[in-house]
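This report concerns only the one structure given below.
The values are calculated or read from the model by the stated rules, or taken from the named source; none is laboratory data. The model shown is predicted, which means the values in this text are computed figures rather than measured ones. Quick reminder, even Gly has a Cβ in these numbers, built from the backbone with ideal geometry, and neighbours come from all protein chains shown.
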Amino acid sequence: MVDFKNIKGFVFDLDGVIADTSVYHSKAWHQLADELGVQWSEDLANNLKGVSRMDSLELILKTGGKENDYTQEEKEKYAAKKNTNYLELLKGMNASAILPGISDFLTSLEEHDYKLSLASASKNSPLVLEQLGLAQYFKEKVDPSTLKHGKPDPEIFARGAEVLGLKPEECIGIEDAKVGVESINSAGETSIGIGDPNILNEADINFTSTTDLTLNNIQKAMEVGQLND
Ligand code: G6P
Ligand code: MG
């Protein structure tokens, strides 16, 4: 584990880390899965976290053994339909959807002069940040439409460090998705997984809730990690 003192920046996932929006993504996919006759499950919901829109649709179709049943054009229509449903669920969303502890954490990161960037696979992330009133914290964002590969590929988190002018080892990445933690790790950054430690077992540091995200807790966890190295 790297020394906490070397950390200069934080690269954030959005859905499920900053905001409670992963439940909206799930709800919208669940609606579509029902329509397509694909059995919904907790496992499927977890596997969809962090996965791009089209790849999510492909995964749902594959889960139902329907990967060869639709043309590309039909698939695009379904993906667009999910997005329309998602945007409908986002209507009226405001700062109350910011996950607990996140506003204080962002303030303290700014006070301590850490650099911040966003590494979300969501094309809706600028809109979500605006609605939450957090856009001013994330001047640096990776645009997911410019990526060749989705999470778990390191590309998005590597770019998250690059846009800050930092080396990967100077950054901490924060994720709630298993594929996201894998992306952070293979980009060479320190990973914090938020959620079930059994699912996020590859994270360098695990917190079960965003309320645990404080600089003190991170420093302590990294010191313990170094002792165990
Ligand atoms: C995030 C979410 C996924 C979502 C993806 C694409 O990674 O965790 O659930 O599918 O973004 O989001 P978009 O808003 O572009 O459909
Ligand atoms: Mg997420």
Take S186 and decide whether it is among the polar types (S, T, N, Q), at pLDDT 95 or above and within 16 Å of ligand 1 (Cβ to nearest atom). no
Scanning segment 11-57 for residues that are under 23 Å from N94 (Cα atoms) and among the aromatic types (F, W, Y), the one farthest from ligand 2 (Cβ to nearest atom) turns out to be W29
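For the structure I just gave you, tell me whether I60 is away from ligand 2 (no atom under 15 Å from the Cβ) and touching an Asp or Glu at 6+ places or on another chain (Cβ under 9 Å).
Working: away from ligand 2 (no atom under 15 Å from the Cβ): yes; touching an Asp or Glu at 6+ places or on another chain (Cβ under 9 Å): no.
In short, no.
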Candidate set from segment 188-206 (those that are under 15 Å from the mean Cα position of the chain (by Cα) and of a type in the set (G, A, S)); member that is nearest to F4 (Cα to Cα): S191
Across segment 159-186, the tally of residues that are more than 19 Å from D113 (Cα to Cα) and over 15 Å from the mean Cα position of the chain (by Cα) stands at 1
Would you be able to tell me the number of residues in segment 111-158 that are of a type in the set (G, A, S) and over 15 Å from the mean Cα position of the chain (by Cα)? 3
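Kindly indicate whether any position in segment 107-115 is touching a Cys at 6+ places or on another chain (Cβ under 9 Å) and over 21 Å from M1 (Cβ atoms).
If we filter segment 107-115 for residues that are touching a Cys at 6+ places or on another chain (Cβ under 9 Å), which is where we start, we get 115.
Subset that is over 21 Å from M1 (Cβ atoms): none.
Looking for residues that are touching a Cys at 6+ places or on another chain (Cβ under 9 Å) and over 21 Å from M1 (Cβ atoms), one finds none in segment 107-115, hence no.
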